[in-house]
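Take a look at the structure set out below.
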Amino acid sequence: MDIFINNVKMTLRNLFKHKTYSLINIAGLAVGFSVFILILLYVEREYSYDNYHQNGDSLYRVAVNFESQSSQNGYAFNVPPLAPALKQNFPQVKYAARVLNFGNNVLIKYENKKFYESQLLYTDPDIFNVLTIPFIYGTPDNALQRPQTIVISETMRQKYFDNINPVGKTINMDGRDFEVTGVVDDYPDNTHLQYNMFTSIHAFDHMPWMNDWTWPGAYTYVSLNPNVNIYDLEQHINTLAAERTKGDPRARDMSYTHFLQPVKDIHLHSQLNYEASYGGNRRQLFIFTAIGILVLIIVAMNFVNLSTARGTIRAKEVGVRKVVGASRRQLLVQLLGEALSTAICALLCAITLVWLVLPYYNFFISGHFTFMDVLKPALIFPIILVSFTTGLLAGSYPALALSGYKPVSVLRGQIKSGPGGIKIRRVLVVGQFFITIVLIVGTIIILRQLSYMKGKYPGFTREQKLVIPVQGLRPLEHNYQTVKSEFLKQPGINGVTVSSGVPGEGVGSASAWLAGNAKDKKQMMYYLFYDSDFMTNYQIKLVAGRDFYKDNVWDREHSCIINESAARAFGFNSPQEAIGQKVNESFFKSKVEIVGVTTDYNYRGMRFNVDPLIIQMKPSFFSHITVDLSTENVSFVLGSIKKKWAELFPEKPFEYYFLDDSFNHLYNKEEQMARIIGTFAFFALFAVCLGLLGMTLFLTGQRTKEIGIRKILGSSKTAITGLLTTEIIKLIIIANVLAWPVAWYVMQKWLQNFANRMDLNIWPFLLSGLTVLAVTLLTVSWQVIRTARANPVEALRYE
Amino acid sequence: MIRLKDIEKYYSNKFVKTWVLRNIDLEVKEGDFVTIMGPSGAGKSTLLHIIGMLDDMSGGEYYFLDEPVHQLPEKKRTGFHQQYIGFVFQAYHLIDELTVYENLETPLLYKKVKTSERKSLVAETLDRFNIVAKKDLFPNQLSGGQQQLVAVARALIVNPKLILADEPTGNLNSKQGMEIMDMLKELNNEGTTIIQVTHDEKKAAYGNRIINLLDGYIDNEE
């Protein structure tokens, strides 16, 4: 105990006596720890998705694989009649509930409040028995039992009802009255199924698709009884589904495989069509975790470097302690204790730092983390564990080395920097530079790839295009011609076109096959619907045939345009061959004639390949208006469009965006990743430089005598500066040589994700190498120059 | 108390063996005050370090209180330090970060002496060396002589049977040097065995035996 107090005193005095050293050491570790904490926050959140449900281990979503001879598609949706059938036929299934989300906005009115709302879920009442959705008002058992009832989220309640209990009140949704029967907590950040309102799915009971075993349209969640064999249950479900689809013409040549996904795993492990929300990216998580660990390694290396470099000074004290009777064990306890104290100080600084930067971090990664998240047990314990371990591991090498010296050699001054010391320090410094360079190269290449994608011509023009999405069911089917002509009358508008989607969003998919061909030539196709002005306005080029004729009724029913990929997929040798051929399309189950073939423009964004596309002119699908603005006075034109909108659609609020922005938003994930990797690369470089600064301060201090002698012998300042910096330049060059191939390999792999990718050249590598070199030299130069200019007599006086 | 038989010490450097000590036979009895003299590089300090178990020998046998030191593991040797041996160096070697009081306390802490006993031992020693007023000062606030006084006090606090002093007065002026030597003499009179290394004939005269080392051999004994 007394030794402990003595050690603590000693540690504190050392801390304050060598302020620069302590500051550098603690700051370095603190930076590493903060990076680690921030990354851990993110990673933990991703892994915590849907972990909060009660009986979480027995919750599954039933998804389905549709397989035809030529294609295979996994759907997060399942067929609507499945859930009731499951509950009826399988005792293993305790509850089963469907969730339908049409993805459209609904107009909610209460008294004088009126807003568009999203995330309306049509569900079975059992959903509240499957997923954990706590009720604030009302009870799950009674909610949604009667028709025309609705359960709303707490946010909705506050928006419409202020502070009253709304149960029993009536709100109006798209013109129909609904009784509020419950208020539930808002959905947490870490769920894949976001909701605002629930209403009963039985509203659709009369619809034929509610009994269609071939149309996947509803998420199906089940809660199983204990000890159910999942594999067996899947087999039984598939047998049942096969029975129900037998003889159904729509199911011909298709096979359906149903499978269960644990609800917990959906966020990170499921990437099916029509997922309820953007899934997590496990590879990105892996990269972040790797970066977190790398930065920790860097700061641990700093710690080792500084401690061993300073070991010569500590060695004397350790020697004296040995002489007065300290055993190696007692010394180890003292030295490791000091390392641990440094780690604790660093951890406290790191937590403060995290508290300071958390708002910016949230902004950066579009997260909603609070400081309390850092302090919850699932995080703070690993954080403490990792930082203590880092401190102890990093402290153990210098501690073992120091306590192992023979006291006599120390006291005689025979240890200059420890025999293994210099070599190990070099290896560690190279390691640090290596990691930093790889991170910087990664950042540069990600950024370049993004700007490459943004800059590459996608096959259509996207400038000055104002997009107005129109909400509702078949919103433009009957009035799109009026809308177009009214808008065209406004000044500053060059063109107006309507479509089912704009580039980057809104494509559907279904199969199609050439008429007269055997059905085994069925192709999966992307579908788009637009009018005869779309290709002109977007300047999409035709390589064969013609555009749709304007407002032509025949074209609406009997014509289609395909892209070059589709022509190839159908087996035509040239686009011209395709013209006049007939295609069976499965969207409307009709036979249409190919009248034109377009270039392979990037209708899904530059990340993707251009897959076969079939375009039809079906007004029932039109839901986006694209307005071509002339460049001058955009705000004035916007004003007049808005006014016109209010006349044409008095019920609907005016929403718009510019295509340029939305098309670039397709790369949000990549941009976020570049920002994060870049930030952490910066932190890594900062930590490395901090460590180098400490080392330089110390080592030049140690070489004062040598430098003094050299100067007396006539060495110039330049020569001495060179002497002090060649070593570090050598190490940086070695690190570059090692890092480049690794970075090249990793980034080459990453680029494989993109259909349109830049060519890797030497520049990002050179740039990173030079950046590291420049920053490092800047860091050490001040101290080096100061040493080189020092008066040699001063240096030698005390010898 | 100490028996050295044919002790040798050399450093090998690739192909060359550099001899530091050869054929050292020496016996020191309890209560002796031995002075080791000799020119620079004769091996005086090395011999002292080997006797103090701070350094290994390359060959020969060393018995300390009839225990064969050359066969002992490190742990046992640490035990000997704690129990029997105190060191005094030319460069004092106090711990800069600790006060006088704490410097004196350190050997007792490592020896796991109980708090109450430790406190009284430190107080007693401070008193005996007349440095009570200095107990809260740090080494760099003391003169060289005072620092060496603390160093001697620290060596003595564990009540060692043997004090090894490596040029204890080398960094001191003559008055301070004499004071330290008087102190050592007094300790010797009280029964502590002392082995000192020095260049100085006058300081050597404090001892009852003088061993002259030359090029690693014992040249003669007076």
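Once both axes come from the Cα atoms, what is the angle between helix A:421-455 and the longest principal axis of chain A, in degrees from 0 to 90, rounded to 10? Tilt of helix A:421-455: around 20 degrees. Considering only beta bridges that DSSP places wholly inside the range A:69-253, some 75 percent are antiparallel.
Amide H contacts under 5 Å for A:Ser511: A:Met525, A:Ser586, restricted to partners 5 or more places along the chain or on a different chain, H placed in the peptide plane at 1.01 Å from N. The string of couplings for the range A:457-469 from the Karplus curve (6.51, -1.76, 1.60, θ = phi - 60°) is 6, x, x, 8, 8, 10, 7, 6, 10, 9, 10, 10, x Hz, one whole number per residue in order, with x for Gly and Pro. Placing R0 at 56 angstrom, the Cβ-Cβ distance between A:Lys589 and A:Ile293 gives a FRET efficiency of 0.55 after rounding to 0.05.
Shielding by partners for peptide B:86-98, expressed as the average number of C-beta atoms from other protein chains within 10 Å of each residue's C-beta, is 5.
Distance from the Cα centroid of the range A:479-533 to that of the range A:622-662 is 19 Å (rounded to whole angstrom).
Mean per-residue shielding of peptide B:45-58 is 3, counting Cβ atoms of other chains within 10 Å of each Cβ. Converting phi to 3J(HN,Hα) with the Karplus coefficients 6.51, -1.76 and 1.60 and the offset θ = phi - 60°, the range A:658-675 yields 9, 4, 3, 5, 5, 5, 6, 5, 4, 9, 3, 4, 5, 5, 4, 5, 4, 4 Hz in sequence order, with x at every glycine or proline. Projected onto planes of every orientation and averaged, the convex hull of the alpha-carbon atoms in the range A:465-665 covers 11.2 nm². Placing +1 on the Cβ of every Lys and Arg and -1 on the Cβ of every Asp and Glu, with nothing else charged, gives the protein assembly as shown a dipole about its Cα centre of roughly 1940 debye.
Using only the Cα atoms of the range A:174-284, build the gyration tensor, take square roots of its eigenvalues as a ≥ b ≥ c, and label the shape rounded, prolate or oblate: rounded if a/c is under 1.5, else prolate if a/b is larger than b/c, else oblate. Taking the square roots of the gyration eigenvalues as a ≥ b ≥ c, the range A:174-284 is oblate.
Antiparallel versus total DSSP beta bridges in chain B: what percent is that, nearest 5? Close to 55 percent.
Between the C-alpha center of the range B:44-111 and that of the range B:113-167 there is a gap of 17 Å. When the Cα gyration tensor is reduced to axis lengths a ≥ b ≥ c, the ratio a/c stays below 1.5 for the range B:1-95, which is therefore classed as rounded. Charge dipole of the range A:69-253 (Cα centre as origin; +1 on each Lys and Arg Cβ, -1 on each Asp and Glu Cβ, all else neutral): 300 debye, rounded to the nearest 20. Residues in the range B:88-102 carry Karplus couplings, in order, of 10, 10, 4, 8, 6, 6, 7, 8, 4, 7, 10, 6, 3, 4, 5 Hz; the curve used is 6.51 cos²θ - 1.76 cosθ + 1.60 with θ = phi - 60°, and Gly or Pro positions show x. The spacing between the range A:168-233 and the range A:724-799, judged by their C-alpha centroids, is 57 Å.
Projected label points at A:Leu738 and B:Glu222, each 7 Å from Cα along the beta carbon direction, are separated by 6.1 nanometres. Between B:Asp215 and B:Tyr63, the distance separating the two model label sites (each 7 Å from Cα on the Cα→Cβ line) works out to 3.2 nm.
With a cut-off of 19 Å on the backbone N, the residues of the range A:358-380 near the modelled label site 7 Å out from A:Glu154 along Cα-Cβ are A:368-374, A:376. Farthest toward the positive end of the dipole of the range A:465-665, out of A:Ser620, A:Asn494, A:Gln523, is the Cα of A:Gln523, where the dipole comes from beta carbon charges about the Cα centre. When DSSP beta bridges are limited to those with both residues in the protein assembly as shown, what percentage is antiparallel, rounded to the nearest 5? Antiparallel: roughly 70 percent of the beta bridges in the protein assembly as shown. Using a cutoff of 8 angstrom between alpha carbon atoms and counting only pairs six or more residues apart, the relative contact order for chain A works out to 15 percent. Given axes a ≥ b ≥ c from the Cα gyration tensor, I'd like to know whether the range A:71-157 is rounded (a/c under 1.5), prolate (a/b larger than b/c) or oblate. Oblate. Sorting the segments A:449-456, A:122-129, B:53-60, B:117-124 by their mean number of nearby beta carbons within 10 angstrom, highest to lowest, gives A:122-129, B:53-60, A:449-456, B:117-124. Between amide H atoms placed 1.01 Å from N, distances below 5 Å from B:Val88 occur with B:Leu164, B:Ala165, B:Asp166, all of them 5 or more places distant or on a separate chain. With the simple spin-label model, which puts each label point 7 Å out from Cα in the Cβ direction, the A:Gln145 to A:Tyr231 separation comes to 4.2 nm. Mind grabbing the base-10 log of I(q)/I(0) for the protein assembly as shown at q = 0.06 Å⁻¹? Debye formula, identical points on the C-alpha positions, no solvent, two decimal places. For the protein assembly as shown, the Cα-only Debye profile gives -0.68. The peptide list A:566-578, A:737-749, A:337-349, put in order of mean Cβ contacts within 10 Å with the highest first, becomes A:337-349, A:566-578, A:737-749. Comparing A:Leu724, A:Ile266, A:Ala684 along the charge dipole axis of chain A, the residue lying farthest to the positive side is A:Leu724, per the Cβ-charge model. Considering only A:Ile133, A:Gln158, A:Ser223, and ranking their Cα positions along the charge dipole of the range A:69-253 that arises from unit charges at the beta-carbon of Lys, Arg, Asp and Glu, the one farthest toward the positive end is A:Gln158.
Considering helices alone, the calculated mean residue ellipticity of the protein assembly as shown at 222 nm is -15500 deg cm²/dmol, with DSSP H runs of length four and up weighted by -39500 (n - 2.57) and normalised per residue.
Quick note: the coordinates plus some simple rules give every number you see, no bench work behind them. Just so you know, these numbers come straight off a predicted model, no measurement behind them. Glycine also receives a Cβ, built like all others from the backbone with ideal geometry; neighbour counts cover every protein chain displayed.
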